[in-house]
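S.K.: Please read through the structure below; I'll follow up with questions.
Please treat every number below as a calculation from the coordinates, not as lab data. Since this is a predicted model, take the numbers as computed values, not measurements. Cβ coordinates were reconstructed from backbone atoms using ideal geometry, including for glycine residues, and neighbour counts include every protein chain displayed.
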Amino acid sequence: MARIVLTLLLLAPSARAADRLQAQLAALAARFPGKVALYARDLRTGRTVALDPDRPVPTASVIKLPIFVEAYAQARAGRLSLDDKLTLTSDNQVSGSGVLNFLRPGLQLTLYDALVLMMTLSDNTATNMVIDAVGIPAVNARMAGMGLKNTYLYKKVSKPAQGPMPPDYPQFGLGKTTAREMGQVMESVQGCAEAAMPPNAAPARWNGIGDPRMCREMIGIMRNQQYRNMVPRFLETEDTSETPSAIADKIGMLDDVRNDVALLYTQAGPVVISIFTYHNQDKSWTAGNQAELLIARMAKKIVDAWSPRGLAPGTQP
């Protein structure tokens, strides 16, 4: 009996801390003029927090993370090479984020170059080039094979959908996912980089890459994400153009959507944070956008609770 009581006493502070973090995040979401879905997991301990994590939500450019995974999986399988040459065409040039839309057609890039532009600048034209290389059906088959039932790429960026579309397509546009599922996609990359999933990891599905070197390369690319105003905003204190960032992430942004899915290397171990906001009243494209501030504040709350000493800059998986 004494042993049971002692165990309960030891667990109580941890349970109270978890409840406190959950309540803090719920309070932030309740005050926000929009909708929020959140999933976060401490990959060392297995503890999680979540708000509406299984609701399908618009991805915006976060769907580029599954495209990224599929490209590396195909490279690992030998179906394509990261050194394959892709030619910039006017048909693939679309407006929005990125730089390739401003360059002259005929430019040749490697698949690797296009992937870097897709992930670090969220380049829409580069994304269309990568989609041509890997194929939309392959991306969706990969996600289904990972057991993800609500993650789906519908079409190329700013291009009409081709062929019959699922009935929910108009609701989501470019792609759909859930906060939990996209967190699991990011977790699968970290698990691959470590050569094995941590013992307490969520059932982040096998992503088919299986090469730790390649997955570490993927994380290295995502650590150079150029837009730092969401998850990294209140956490980073160093110049990440000079020092490797402790945060690898993929953002997605539309007028009424702000999303960020991140892998953070903290002093206490790796953490995945996946936050989606949609139907946002604030549609401004400024650093003070309410959704971007919300995501930043939520990420800070999570890291403060799970890693009081903060991030671990320069950490490699």
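S.K.: Could you give the length gained by full extension between Trp206 and Gln108, i.e. 0.36 nm per residue of separation minus their alpha carbon distance, to one decimal place? Before the final figure, lay out each step's value.
M.R.: Values: separation 98, 0.36 × 98 = 35.28 nm, distance 3.26 nm.
My answer for the length gained is 32.0 nm.
S.K.: Using 7 Å Cα-to-Cβ label points, what is the Arg79/Gln162 separation (nm, one decimal)?
M.R.: Going by the 7 Å Cα→Cβ label model, 1.5 nm.
S.K.: What's the local net charge at Met165, with K and R +1, D and E -1, over the other residues with C-beta under 15 Å away?
M.R.: Computed value for this residue: +3.
S.K.: Using a Förster distance of 25 angstrom, determine the FRET efficiency expected from the C-beta separation of Asp19 and Thr45, and round it to 0.05. Mind dumping the intermediate values first?
M.R.: Numbers: r = 16 Å, r/R0 = 0.63.
The calculated FRET efficiency here is 0.95.
S.K.: At 222 nm, what value in deg cm²/dmol follows for the chain if DSSP H runs of at least 4 each add -39500 (n - 2.57) and the sum is divided by all its residues, to the nearest 500?
M.R.: -12500 deg cm²/dmol
S.K.: Could you work out how far the C-alpha centroid of the range 203-266 sits from that of the range 84-136, in angstrom?
M.R.: 20
S.K.: Students often forget the sequence filter, so: which lysines lie under 25 Å Cα-Cα from Lys85 once same-chain residues fewer than 8 apart are removed?
M.R.: Output for Lys85: Lys64, Lys155, Lys156, Lys159, Lys250.
S.K.: Among (i) 19.4, 76; (ii) 20.1, 59; (iii) 21.5, 73, only one was calculated for this model; which label is it, if the read-out is Rg and Dmax of the Cα atoms in Å?
M.R.: (i)
S.K.: Now, a different point. Put a dot 7 Å past each Cα toward the Cβ at Tyr169 and His279; how far apart are the dots in nm?
M.R.: For the pair His279/Tyr169, the computed spacing is 2.4 nm.
S.K.: Using Cα pairs under 8 angstrom and six or more residues apart, how large is the relative contact order of the chain, in percent?
M.R.: It comes to 23 percent, rounded to a whole number.
S.K.: Using only the alpha-carbon atoms, how far is helix 179-193 inclined from the longest principal axis of the chain? Give it as 0 to 90 degrees, nearest 10.
M.R.: 80
S.K.: At a Förster distance of 30 Å, what's the computed FRET efficiency of Ala268 paired with Gln226, Cβ-Cβ distance as r, to 0.05? Show your work: numbers first, answer last.
M.R.: Details: r = 27 Å, r/R0 = 0.90.
For Ala268 and Gln226, the calculated efficiency is 0.65.
S.K.: Round to the nearest 10 and give me the degree value, 0 to 90, for the angle of helix 64-77's Cα axis relative to the longest principal axis of the chain.
M.R.: Roughly 70 degrees between the two axes.
S.K.: Could you work out how far helix 2-31 tilts from the main Cα principal axis of the chain, as a 0 to 90 degree angle to the nearest 10?
M.R.: The two axes meet at around 50 degrees.
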